[in-house]
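The values are calculated or read from the model by the stated rules, or taken from the named source; none is laboratory data. Keep in mind the model is a prediction, meaning the values are calculated, not measured. Please note: Cβ atoms are built from the backbone with ideal geometry, for glycine as well, and neighbour counts cover all protein chains shown.
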């Protein structure tokens, strides 16, 4: 088996590159890249366990913060203002997200009889908010994209409260759940980077004169990078109970500075394209997710060999139930077809990165991170299939969502 390992990895990587260049298959390219990284971590686990004596688990939280920062750069305050224009549809999406998926996750974990840590991971992925992949799938499915983005944003902002509470209620008997620590961890991994991303968005896309002046951009870049350095130097005791947020604040400031500096160089000095960030972020996010999954897979390789098939089955059931109940519950709530499709994608697709980060950072368990690592790639496969199915059935004229 070891002899053919390099061939399997090379074939998967080549297939991923081919998919990326194919108009109809490019939406599956990311999933093939995930398979390539998983294969590499299964065959050569040591490569993804430590580098130069340093455990690679330390990369998981910063990588999630980078991904979330990228999400923040695509958002504006208008995304949150939409809650006021379609309150009923957003409310339905949020309620379904934080009821259907946690309860289905709990039911599956208990039915399958997983070990406590793995069962907690299944519940954790169900208790996480929706992820940005749902927005892409909603677009491909002909769904209501503004509604999808708004639900993703809203559930993400609610996750510091809802995810720890749901975990305490549903998984508290399986493992120790520190609600406050989990809240702070989510704030550090998600909310702080999103705020930094919103600031970066303002700098990147502002039409004001200062946003295109080399002097202004250089000053902002220098100030934010300097503040990031100061944050590193300041001892954690200075932040008190908010010390867990130090890493997120430091990285957020650094990323704002780097993005501002990149705009100065790419757009102002070199006259490059305005949308350079839109092209760079998906690549960075894909690479980060692939590395996160590879690290988690390598850390729990032996357990994955014993429960992998059951976890895959659990993922299919959990994800499929989310699509099914999300769609029909939205229909019962009298939402229009495009909104029902958006809600189905939002409910069915979870933020696997956040769940992985919580498992490693708060629960201190790579076993609990296995379920998010497996559920994530499957969601992309099933989401693409469902989106293709719906895309062949365009939404006809229908009443607007109840507001």
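Here residue 126 does not qualify as out of contact with any strand residue (DSSP E or B) (no Cβ under 9 Å at 6 or more places or on another chain) and either within 29 Å of residue 95 (Cα to Cα) or part of a helix (DSSP H, G or I) (or both). Restricted to helices (runs of 4 or more DSSP H) entirely inside the stretch 284-403, those with at least 1 residues that are farther than 16 Å from residue 60 by Cα and touching a helix residue (DSSP H, G or I) at 6+ places or on another chain (Cβ under 7 Å) are 301-332, 337-348, 370-391.
Residues are listed down the side, and each one gets a yes or a no for (1) assigned to a loop (DSSP other than H, G, I, E, B); (2) in contact (Cβ under 8 Å) with a residue 24 or more places away in the chain:
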{"site": "23", "(1), (2)": "yes, no"}
{"site": "66", "(1), (2)": "no, yes"}
{"site": "78", "(1), (2)": "no, no"}
{"site": "90", "(1), (2)": "no, yes"}
{"site": "109", "(1), (2)": "no, yes"}
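Can you confirm whether residue 240 is in a helix (DSSP H, G or I), surrounded by fewer than 18 Cβ atoms within 10 Å (Cβ to Cβ) and at positive phi? Taking the combined requirement at face value, the residue satisfies it. A single entry from 26, 57 fulfils the requirement of being within 28 Å of residue 262 (Cβ to Cβ) and touching a helix residue (DSSP H, G or I) at 6+ places or on another chain (Cβ under 9 Å): 26. On inspection, residue 44 does not qualify as under 28 Å from residue 318 (Cα atoms), surrounded by fewer than 18 Cβ atoms within 10 Å (Cβ to Cβ) and either touching a residue at least 24 places away in the same chain (Cβ under 8 Å) or out of contact with any strand residue (DSSP E or B) (no Cβ under 6 Å at 6 or more places or on another chain) (or both). Residue 164 meets the conditions (1) in contact (Cβ under 8 Å) with a residue 24 or more places away in the chain; (2) crowded, with 22+ Cβ neighbours inside 10 Å in every case but one. The failed one is (1). Is there any pair with a first residue in the stretch 213-227 that is farther than 14 Å from residue 200 by Cα and a second that is surrounded by fewer than 17 Cβ atoms within 10 Å (Cβ to Cβ) and at pLDDT 90 or above whose Cβ atoms are under 9 Å apart and which are 6 or more apart or on different chains, and what are they? Sorted first by the residue in the stretch 213-227, then by its partner, the list stays empty. The C-beta contact set for the stretch 188-205 (first residue farther than 19 Å from residue 268 by Cα, second residue not in a helix (DSSP H, G or I), distance under 9 angstrom, 6+ apart or interchain) comprises 190/129; 190/351; 194/75; 197/74; 197/75; 198/75; 198/76.
Residue selection: residue 104 fails the criterion of being crowded, with 23+ Cβ neighbours inside 10 Å, farther than 24 Å from residue 247 by Cβ and assigned by TED's automatic domain parsing to the domain that holds residue 370.
Residue 16 falls short on exactly one of the conditions (1) assigned by TED's automatic domain parsing to the domain that holds residue 154; (2) buried (at least 16 other Cβ atoms within 10 Å of the Cβ), and that condition is (1).
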